[in-house]
Amino acid sequence: MYHCEACGREYDADGPWRCDCGHALDYADRPLPETDDPPDPTTFDRDRGLWAFSDFLPVDPEVTLGEGWTPLVDAPAFDAQIKLDSVFPTGSFKDRGATVTLSQAAELGVDRVVEDSSGNAGLAIATYAARAGIDAEIYVPADAKASKLRKIERTGADAVRVEGDRAAVTEACHDALAGDAWYASHAWQPAFFAGTMTWALEVAAQRDWAVPDAVVVPVGHGTLLLGAYRGFSALRAAGWTDSVPRLLGAQAAGHAPIAAGDTVVEDSAATANDLADGIQIDAPARGQQLLDTLDATGGAAVAVDAAATQRAHDRLGRAGFQVEPTCATAVAALERYREQGTVDDGSDVVVVLSGQNG
């Protein structure tokens with residue numbers, strides 16, 4: 001059952017993808033384990049991947065590629081721990097959301113899914129749809145990276161190229177939703193956020209249930225920021241941990257509404273960070289929820305320009321981390337947060353790296 005926190009309406013999971021009032025939907029009830037005694041982290045069956053946390057998840061693992069339990073490594077060069085979601089089957093944390101979303105689609109008997117994405121989310125949805133034997137249609141910007149488009153098309157999905165900005169792609173996708181199409185959106189589907197929630201569950205388990213002081217993640221639609229908040233909140237609600245870290249976002253300059261304290265921003269071509277193409281979102285679907293998340297955790301968001309992104313990307317490469325430029329914004333943001341005093345020297349920080357280079 002889905003619930004709208006804005007107006008209180010409820011819908012079946014096979015119903016609309018957003019509320020009649022226009023607000024995003026969420027699960028009316030989010031599952032928690034029956035015990036408030038956290039298990040020994042070594043007892044999890046990691047061969048099940050993130051589905052080892054099935055007590056926290058709303059569906060059964062109908063569609064999986066073994067995703068989850070990505071490495072959490074020390075990174076002295078950045079005075080932080082880094083979670084390497086770049087080693088997932090399709091190379092990004094979006095696989096977390098895709099496995100749960102396509103599992104729900106399979107459970108509902110869906111024949112065809114539709115998604116709009118500039119790259120990583122589209123590839124993840126297309127890949128897991130192929131795994132499920134479900135047809136997929138992915139709407140992408142006409143100028144999306146050719147390497148990502150080739151990967152999407154190799155899954156057998158239809159890549160529909162749309163001229164215009166990222167908002168035009170979403171609008172074209174929404175116009176195409178009809179008939180038996182099911183919107184497997186990384187920005188709107190509650191199942192996707194149930195999947196990204198597992199990032200926080202893994203981080204806590206890998207640290208023997210010790211929650212970091214702060215977490216830094218790139219933010220476009222904010223699927224990982226919001227997922228991390230829900231994951232750490234679920235652990236606290238279950239009694240397995242006693243706190244939620246400060247959540248800190250990194251946005252692309254020129255596409256940074258959350259950093260501006262708003263839910264929509266006008267694109268500024270003069271200042272746009274074109275290196276961070278994966279997070280160029282001017283109107284996040286769950287913008288108010290993202291702002292509320294930062295407020296609830298004492299967090300913040302900053303806009304990172306192309307020069308800072310390039311410097312961080314170069315530093316990551318020299319430290320042995322081969323990832324795409326978009327996720328380098330998190331490292332650049334961490335440096336800014338330290339300069340501002342938002343993050344103190346010696347703070348216990350975890351940063352995500354996601355997205356394969358090239």
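Please state which one of T64, T101, T42, T35 is of a type in the set (S, T, Y), within 19 Å of I125 (Cβ to Cβ) and out of contact with any Ser or Thr (no Cβ under 7 Å at 6 or more places or on another chain). Give the steps one after another, and end with the answer.
Numbers: T64 fails: out of contact with any Ser or Thr (no Cβ under 7 Å at 6 or more places or on another chain); T42 fails: within 19 Å of I125 (Cβ to Cβ); T35 fails: within 19 Å of I125 (Cβ to Cβ).
Going through T64, T101, T42, T35 in turn, just one is of a type in the set (S, T, Y), within 19 Å of I125 (Cβ to Cβ) and out of contact with any Ser or Thr (no Cβ under 7 Å at 6 or more places or on another chain): T101.
If we keep just the residues of the stretch 57-108 that are hydroxyl-bearing (S, T, Y) and not in a helix (DSSP H, G or I), which is surrounded by the fewest Cβ atoms within 10 Å (Cβ to Cβ)?
T64
I'd like to verify a number: residues in the stretch 222-268 that are in contact with a Pro (Cβ under 7 Å, 6 or more places away or on another chain) and not aliphatic (A, V, I, L, M), how many?
Adding up the residues that qualify gives 6.
Has the stretch 48-55 got any residue that is closer than 28 Å to S347 by Cα, touching a residue at least 24 places away in the same chain (Cβ under 8 Å) and outside any helix (DSSP H, G or I)?
Scanning the stretch 48-55 turns up no residue that is closer than 28 Å to S347 by Cα, touching a residue at least 24 places away in the same chain (Cβ under 8 Å) and outside any helix (DSSP H, G or I).
Can you go through G222, G239 and tell me which one is over 19 Å from the mean Cα position of the chain (by Cα), among the small types (G, A, S) and on the phi > 0 side of the Ramachandran plot?
G239
Could you run through the stretch 70-107 and say how many residues are touching a His at 6+ places or on another chain (Cβ under 8 Å) and β-branched (V, I, T)?
Adding up the residues that qualify gives 1.
With the condition being basic (K, R), more than 16 Å from A228 (Cβ to Cβ) and modelled with pLDDT of 95 or more, I'd like the helices (runs of 4 or more DSSP H) fully within the stretch 242-357 carrying at least 2 qualifying residues.
306-318, 325-340
So, in the stretch 14-53, exactly how many residues are at positive phi and surrounded by fewer than 12 Cβ atoms within 10 Å (Cβ to Cβ)? Step through it out loud before you land on a result.
Start the filter on the stretch 14-53 by keeping residues that are at positive phi, which leaves 22, 49.
So of that shortlist, the ones also surrounded by fewer than 12 Cβ atoms within 10 Å (Cβ to Cβ) come out as 22.
Count: 1.
Under 8 Å by Cβ, and 6 or more places apart or on different chains, what pairs join a residue from the stretch 337-358 that is surrounded by fewer than 17 Cβ atoms within 10 Å (Cβ to Cβ) with one that is of a type in the set (F, W, Y)?
Correct list of pairs: empty, since none qualify.
Check whether at least one residue in the stretch 2-13 is under 26 Å from R286 (Cβ atoms), touching a helix residue (DSSP H, G or I) at 6+ places or on another chain (Cβ under 6 Å) and surrounded by fewer than 17 Cβ atoms within 10 Å (Cβ to Cβ), and report yes or no.
Scanning the stretch 2-13, I find no residue that is under 26 Å from R286 (Cβ atoms), touching a helix residue (DSSP H, G or I) at 6+ places or on another chain (Cβ under 6 Å) and surrounded by fewer than 17 Cβ atoms within 10 Å (Cβ to Cβ), so the answer is no.
Going through G220, G249 one at a time, which residue ends up being over 21 Å from A75 (Cα atoms) and either of a type in the set (S, T, Y) or in contact with a helix residue (DSSP H, G or I) (Cβ under 8 Å, 6 or more places away or on another chain) (or both)?
Residue meeting the stated conditions: G220.
Take the stretch 109-120 and flag every residue that is under 15 Å from the mean Cα position of the chain (by Cα) and either surrounded by 24 or more Cβ atoms within 10 Å (Cβ to Cβ) or without any contact (Cβ under 8 Å) to a residue 40 or more places away in the chain (or both). So that I can check it myself, show each step before the final result.
Residues of the stretch 109-120 under 15 Å from the mean Cα position of the chain (by Cα): 115-120.
Residues satisfying the conditions are E115, D116, S117, G119, N120.
Identify the single condition in (1) touching a Gly at 6+ places or on another chain (Cβ under 6 Å); (2) at pLDDT 95 or above that K148 does not satisfy, given that it satisfies every other one.
Against the list (1) touching a Gly at 6+ places or on another chain (Cβ under 6 Å); (2) at pLDDT 95 or above, K148 comes up short only on (2).
So D14 ticks every box in (1) assigned to a loop (DSSP other than H, G, I, E, B); (2) at pLDDT 95 or above but one. Which box is left unticked?
The one condition D14 does not meet is (2).
Hey, any hits in the stretch 214-230 for a residue that's farther than 23 Å from A124 by Cβ and either charged (D, E, K, R) or touching a Ser or Thr at 6+ places or on another chain (Cβ under 9 Å) (or both)?
Checked against the condition, which is being farther than 23 Å from A124 by Cβ and either charged (D, E, K, R) or touching a Ser or Thr at 6+ places or on another chain (Cβ under 9 Å) (or both), the stretch 214-230 yields at least one hit.
Out of (1) in contact (Cβ under 8 Å) with a residue 40 or more places away in the chain; (2) out of contact with any Lys or Arg (no Cβ under 8 Å at 6 or more places or on another chain), what's the single condition that is false for V304?
Going through (1) in contact (Cβ under 8 Å) with a residue 40 or more places away in the chain; (2) out of contact with any Lys or Arg (no Cβ under 8 Å at 6 or more places or on another chain) one by one, V304 breaks only (2).
The values are calculated or read from the model by the stated rules, or taken from the named source; none is laboratory data. It should be emphasised that the depicted structure is a prediction, and the values quoted were computed from it without experimental measurement. Positions of Cβ are backbone-derived with ideal geometry, glycine not excepted, and every protein chain shown enters the neighbour counts.
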